[in-house]
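The next block holds one structure in the form of structure tokens; read it before the comments.
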Amino acid sequence: MAESGRRKAGAWILILHFVMTLSSMQYQSCLAACPPPPVNCPPNTETCYLTNYRGEWEDQIPCKAAIAFFPKTESELIQAVAYAVKEEKKIKVVTGGSHSIARFACPGGNSGVAISTRDYNSRIEIDEKSMTVTVDAGVELRKLLDALAAKELALPHTTDWDGLSMAGVISTAAHGSSLWGKGGGIHDHVVGISIVIPAPAHQGYAKLIHLTEKDEEIRAARLSLGVLGAISQVTFAVEKMFKRSITLNLKDDSDLENSFVKFAESHEFGEMYWYPSFSGMLQSIQDRVPVGNPGNGKRSEISFLPVTVQSLVQSRATQELNNAKVNVSNLCKSAKTQVEQGVIAGNGYLNDGRSFNGFPVVGYSHLMQSSSGCQIDPRSDEHEMCPWEGKDLKSNDTICAWDTQVKGNFYYHTSIAIPLSRIVEAIKDMKKIRNIDPTALCTLDSFLGVQFRYFKKSTDYLSHKEDSAVVEFIYFRYRELGTPRWNGYVIDEIEQMLLQKYGGVPHWGKNRVYTFQGAAKRTVNLVKFLKVKKKFDPQGYFSSEWSDGVLGIGKNVEVWRDGCALDGLCVCKEDRHCAPEKGFVCRAGKIWKKARVCINV
């Protein structure tokens, strides 16, 4: 259930701001190697190993299955589910790229069944009369966008990364940014869905059901976390093609909280970025314009482009040096410089698809919101994922920045939605935490800063019941479990405050382990979702200990062990949950006193 074109980039793009030292990397327009597959079944063994795109789950506990299926058709998908039900095995669906951090794709125990949608991606059926498109579960977003564009149609909202499968997109509530119309939640634009669910023996152990907007259960199926069944096909409402006009405006953050809501009301696709360490605010002004407006712009996001192995390794080494407290001045200075220069260079927006010469950048919507590059097979004329070849990498080979074959980028990714009605108070609180020591947040600014997006309230049961502000940030992480970060307590306090004080709901495909504890209770209607779950899968074949814990019907998802708070597995209760032998103990937060964080005393 986890989530998973070719672009040329000029030399100027190297100074964009996504990752601190990415500006020193070498980017290429072709790809030499693809990331390892998320489902690996070694020959002559009875075990399959499942992972996400980063090569491991947040708790670093292996995920196993007894067998894996790779259906190409709906009939084969039904057969795979029927086999598992007949054998009374747990079932989980895994997408081709497995681009989710949370372990919803892990079947319970080690004897379960993994079903990959990697090869189930052929159908894209466009109905121009009803203005809908129906796709197989494994169809990638970019492939769908290009097919719609050929008919002068578009999805109104998409994600930044276009290497996700459409079933994975809706199942984890992936989104864009908007309070207009139905909002930026992609699942809210689904008008039909087909799911394979368990069935009794006389029905062949599995059956296909079809849901439309007339069916109440679609409110559970559109955002299901993969626990209702195996999604077969999804039908989306589409629009006539339109263009977007994008302008970036960098200013100081003095008016951030007061301008926040008005900005969303004024700009259909607007986003904001906050750089707390140097009091910067970047407004991404994004508006719909007619297709007749001049402009053939594209977005070419630096973090999605192929990078050489050597550059990636060097970048990580620099990150480790700069994230040591002794080098905090270098980290802060570089973060500010890269943001300022990134905006001057266009932040990945290309006026003519090749170069940047000033804002606004105007282009067709399907090329302006989502970006890709490193997952595409350069030898294919179609938008196909490049095949895994298992080759030994050389220093000048190009790969995706998250490729687990190389010890490159490694980070935490937080994304929490809080009620829009409380965003002014929340930003003020975050500023208070920032003001204690602004340098402690340079690690955020060296990656993405704090990204703010807008999410309209939904009727889907596991979605947001109020218009929300999505607060998102990425920050440095050590590979070794239990390794304290000198500034970790600051980020942990912000995270806990958003969840506890402001009733935040974590993005289902991102975030650290402890953030999911009790989160489902803060959604639209957990009780009704669980009723549909019991109706569709009464025996819990598509459930696991993890998903039950997230839904509040199993044991807690937090992992309690020495050092657990340092890795986001728990909120510390005792000093041993930190690293007392290294001077890090469990204490209250500086501003949000109910937070419990690991502080170096």
Counting other C-beta atoms within 10 Å, and keeping those with at most 10, which DSSP coil GluC sites (Glu not before Pro) do you find in the range 76-185? E88
Spin-label model distance (nm) - K573 vs W560, 7 Å beyond Cα toward Cβ: 0.4 nm
Label-to-label distance, nm, for residues given as Q203 and D127 (7 Å Cα→Cβ offset): 2.4 nm
Probe 1.4 Å, all protein chains in place: accessible area of S421 in Å², nearest 10? 100 Å²
Before I look further, what does the chain give for accessible area per residue, probe 1.4 Å, in whole square angstrom? 37 Å²
26 Å Cα-Cα threshold exceeded, pairs from K325/K431; K336/K394; K86/K534: K336/K394
Mind grabbing the base-10 log of I(q)/I(0) for the chain at q = 0.09, 0.12 Å⁻¹? Debye formula, identical points on the C-alpha positions, no solvent, two decimal places. -0.66, -1.28
Plugging the Cβ-Cβ distance of T459 and N396 into 1/(1 + (r/R0)^6) at R0 = 56 Å yields, to the nearest 0.05, a FRET efficiency of 0.65
Given labels modelled 7 Å from the Cα in the Cβ direction, how far is it in nm from V313 to E152? 5.2 nm
Using a 1.4 Å probe on the protein heavy atoms, what percent of the accessible area of the range 411-471 belongs to carbon and sulfur? 50 percent
For each pair in K457/K533; K432/K593; K64/K531; K432/K456, compute the distance between the two Cα atoms and list the pairs where it is over 18 Å. K457/K533; K64/K531; K432/K456
Treating cross-link reach as a plain straight distance, find the aspartates and glutamates whose alpha-carbon is under 13 Å from the alpha-carbon of K535, omitting any fewer than eight places away in the same chain. E216, E217
Run the dipole for the range 111-266 about the Cα centre, Lys and Arg Cβ at +1, Asp and Glu Cβ at -1, nothing else charged, and hand back the magnitude in debye, nearest 20. 360 debye
Compute the label zone of N330 within the range 404-446: residues whose backbone N is under 20 Å from the point 7 Å along Cα-to-Cβ. 407-411, 439-446
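The values are calculated or read from the model by the stated rules, or taken from the named source; none is laboratory data. Bear in mind that the values here come from a model prediction, so they are computed numbers and not experimental data. We place every Cβ from the backbone using ideal geometry, glycine too, and count neighbours over all the protein chains shown. All accessible areas refer to the heavy atoms of the entire protein, side chains included, with ligands and DNA or RNA removed. Shrake-Rupley method; radii C 1.70, N 1.55, O 1.52, S 1.80 Å.
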